[in-house]
Amino acid sequence: MIILSIESSCDETAMAIVEDGRKILSNTVYTQIAIHTMYGGVVPEVASREHIKKITYVLDDALKQANLTLDDIDAVAVTKEPGLIGSLMVGVNTAKTISLCFNKPLIYVNHIHGHIYANYLEEDFSFPLLALVVSGGHTELVLMKDHMDFEILGETLDDAVGEAYDKVARVVNVGYPGGPIIDKMASLGTPTYPLPHIKLSKDSLDFSFSGLKSAVINLCHNANQRGETIDANNLAASFQNAVIDVLVSKTSKAATMYNVKQVIIAGGVAANKGLRSAMQEEMDKIGIKLTVPQFKYCTDNAAMIAAAAYNQYIKENNN
Ligand code: KG4
Ligand code: ZN
């Protein structure tokens, strides 16, 4: 089954053509990061307009890369939610048009399901499976007992991890998006600053990152007022250390509690090198298989949407 998939929920205009949920025939991503950088974050109206300008070129490129035409595809999939409404509409209208004009089934995919299925591009899922979802808008521990079956065990009570990374990057003035930059800085620093590792109650699988974010902001403001300089790499390492400690310990606790066979990491923050290596170390310790997506499939892309769409389509049409 050849699926053409479309992702336009935020600031990436992406299309992919994927066979049987895993064989990637093409994967095109046009990122608007350079445009939003000057505003320090995504401007929704600008994002929608950029999607409109680029989407037909992205489609052209995806088809050319795969050496296929729209007649050759079996279904079209698109991210329906969550995301910026104007951005989503561009992808959805494109998908609807292709579906109508070429008489292809249309599969609506949830963006977070897409991030989870970026791991399916790597290997098959073994259930029960635990997904740590860490993106710009979400931080969740999700239990899966079967394909497309999601139970949220815990989630953030305030900020998402990616959001905290972006905010900290803004405070230390290093640019947007903050995650990759802070990750790089952290690898060059030592965690010398005392920051809170907020784990909530002992049994809770929920998260909270706003206190950590505020602690970083206060530390910077206080240093500023006293005329002291902050070692930005050491601050990045201290922040990342606090984030990773919380994410790894809660994932480990949930994995043991629910006796899972596999742990996966999903979402933009899955690209974090510190998180990937700390999680691998912990999973080796407790003897649970860890899967992480390739770097290019961690942040927004359409191949992951096709992987989710394929499994969703199979499940819906076999039941
Ligand atoms: O999943 P994603 O591409 O978009 C959403 O669905 O939100 O995630 C984007 C987020 C941003 O907050 C970005 O700073 C973060 O993922 N991110 C990272 C890294 N790469 C991207 N955070 C930490 N370390 C990274 N290497
Ligand atoms: Zn995303």
Just name the residue that is nearest to A66 (Cα to Cα) out of those in segment 276-303 that are free of Cβ contacts under 8 Å to residues at least 24 places away in the same chain and either open to solvent by less than 30 Å² (accessible area, probe 1.4 Å) or within 13 Å of ligand 1 (Cβ to nearest atom) (or both). R276
Say we look at segment 11-58 and pick out the residues that are polar (S, T, N, Q) and part of a strand (DSSP E or B); which of these is nearest to G162 (Cα to Cα)? T31
Among residues of segment 167-182, those that are under 15 Å from the mean Cα position of the chain (by Cα) and either surrounded by fewer than 23 Cβ atoms within 10 Å (Cβ to Cβ) or away from ligand 1 (no atom under 14 Å from the Cβ) (or both), counted: 2
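Let me confirm something: among A169, A160, which residue is away from ligand 2 (no atom under 16 Å from the Cβ) and not assigned by TED's automatic domain parsing to the domain that holds T31? Please lay out each step first, then the result.
On the way: A160 fails: away from ligand 2 (no atom under 16 Å from the Cβ).
Only one candidate qualifies: A169.
Yes or no: F209 of a type in the set (A, V, I, L, M, F, W, C) and in contact with an Asp or Glu (Cβ under 8 Å, 6 or more places away or on another chain)? Working first, answer last.
Numbers: of a type in the set (A, V, I, L, M, F, W, C): yes; in contact with an Asp or Glu (Cβ under 8 Å, 6 or more places away or on another chain): yes.
Against the criterion (of a type in the set (A, V, I, L, M, F, W, C) and in contact with an Asp or Glu (Cβ under 8 Å, 6 or more places away or on another chain)), F209 qualifies.
The values are calculated or read from the model by the stated rules, or taken from the named source; none is laboratory data. Not measured: the values here are computed from a predicted model. Here Cβ is always computed from backbone atoms with ideal geometry, including for glycine, and neighbour counts include all displayed protein chains. For the accessible areas, the whole protein counts, side chains as well, though only heavy atoms, and no ligand, DNA or RNA atoms are used. Shrake-Rupley method; radii C 1.70, N 1.55, O 1.52, S 1.80 Å.
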